[in-house]
1. Please compare each pair in Lys18/Lys217; Lys107/Lys217; Lys88/Lys228; Lys66/Lys217; Lys86/Lys107; Lys86/Lys203 to a cut-off of 23 Å on the Cα-Cα distance and tell me which ones are over it.
2. In nm, what is the difference between 0.36 nm times the number of residues separating Asn154 and Leu62 and their Cα-Cα distance?
3. Among the aspartates and glutamates, select those whose C-alpha is under 13 Å from the C-alpha of Lys192, and discard any that sit fewer than 8 residues away in the same chain.
4. Say the dipole of segment 94-232 comes from +1 at the beta carbon of Lys and Arg and -1 at that of Asp and Glu; which of Ser214, Thr173, Thr134 then lies farthest toward its positive end?
5. Between the DSSP loop rule and a limit of at most 14 other Cβ atoms within 10 Å, which GluC sites (Glu not before Pro) in segment 130-232 are left?
6. Helix 217-228 against the longest principal axis of the chain: what's the angle in degrees, Cα atoms only, rounded to the nearest 10?
7. DSSP loop trypsin sites (Lys or Arg not before Pro) in segment 176-231 with at most 15 other Cβ atoms within 10 Å of their Cβ, which ones?
8. How far apart, in nm, are the 7 Å Cα→Cβ label points at Tyr90 and Met197?
Amino acid sequence: MAITVMKRYELKYLLNAKQTDFLRERLKGHMQVDKYGKTSIASLYYDTPTYQLIRTSVEKPLFKEKIRLRSYGIATDTSPVFLELKRKAYGIVYKRRVETTIPLVHKFFSGEGDICSPGQINREITVFRDYYKTLVPACMIIYDRTAYFEPDGNLRLTIDENPRYRVGDLTLTKSMDGISLLDEGYTILEIKVQEAMPMWLAKILSEGEIRKSSFSKYGEAYRQQLIKAQII
């Protein structure tokens, strides 16, 4: 059954090539790659015309929220996509997610209809839309993800390679191309836990000198665009 509601801690790390290889090797016997293997994921972030959501987010407040439309590979008008409302409060991530289609999403953001059958998640996302009034495609984030899971446990871990972005052709139906967010060879590690990190994983991170980072893909894309515009 697809997960539609999530509440967890998400810890992020930037890894160089050596650390990535080290981690992959040390995970053997502890975690397994999920059945999808490496998957290309595209997330289209919506924001206000003044970029209110990402401007608030990069200030690192105790509460922040984002909304994005996600596809696994290039989407079509009939393939399933996922509209996700993501909030972070006091270090805990809350995510609401519904399966929908691109035409329904276009109607939804123009105020013409719902994205799915009536329900609590649909209501929460609709309240979010109505609060911000005008939400438009702002940035596309793409990466190649390998997800790991812990058999008989709740621990999940992902390694994202070649994270990239674009601010033109803001549709999930065109391509998976974009401008690199990181220097060559670097990856993004995300550890997703319900409670505390297991000791065996903390030991691996310590041995690999892998230290937590506050890296945000959309935030970094926004920063790079500001630099190009010579605003910062």
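Taken together, the values in this text are just the output of simple stated rules run on the coordinates, not laboratory data. Keep in mind that this is a model prediction, so the values were computed, not measured. Virtual Cβ from ideal backbone geometry, glycine too; neighbours counted across all protein chains shown.
1. Values: Lys18/Lys217 21 Å; Lys107/Lys217 27 Å; Lys88/Lys228 29 Å; Lys66/Lys217 12 Å; Lys86/Lys107 21 Å; Lys86/Lys203 30 Å.
Listed pairs above 23 Å: Lys107/Lys217; Lys88/Lys228; Lys86/Lys203.
2. Values: separation 92, 0.36 × 92 = 33.12 nm, distance 2.53 nm.
Stretched fully, the Asn154-Leu62 segment lengthens by 30.6 nm.
3. Correct list for Lys192: Glu10, Glu150.
4. Thr134
5. Values: sites: Glu161, Glu184, Glu190, Glu195, Glu207, Glu209, Glu220; in loops: Glu184, Glu195, Glu209.
Taking segment 130-232 and a limit of 14 other Cβ atoms within 10 Å, the loop GluC sites (Glu not before Pro) found are Glu184, Glu195, Glu209.
6. Around 70 degrees separate the two axes.
7. Details: sites: Lys192, Lys203, Arg211, Lys212, Lys217, Arg223, Lys228; in loops: Arg211.
Of the trypsin sites (Lys or Arg not before Pro), the ones in loops of segment 176-231 whose Cβ has at most 15 other Cβ atoms within 10 Å are Arg211.
8. 2.2
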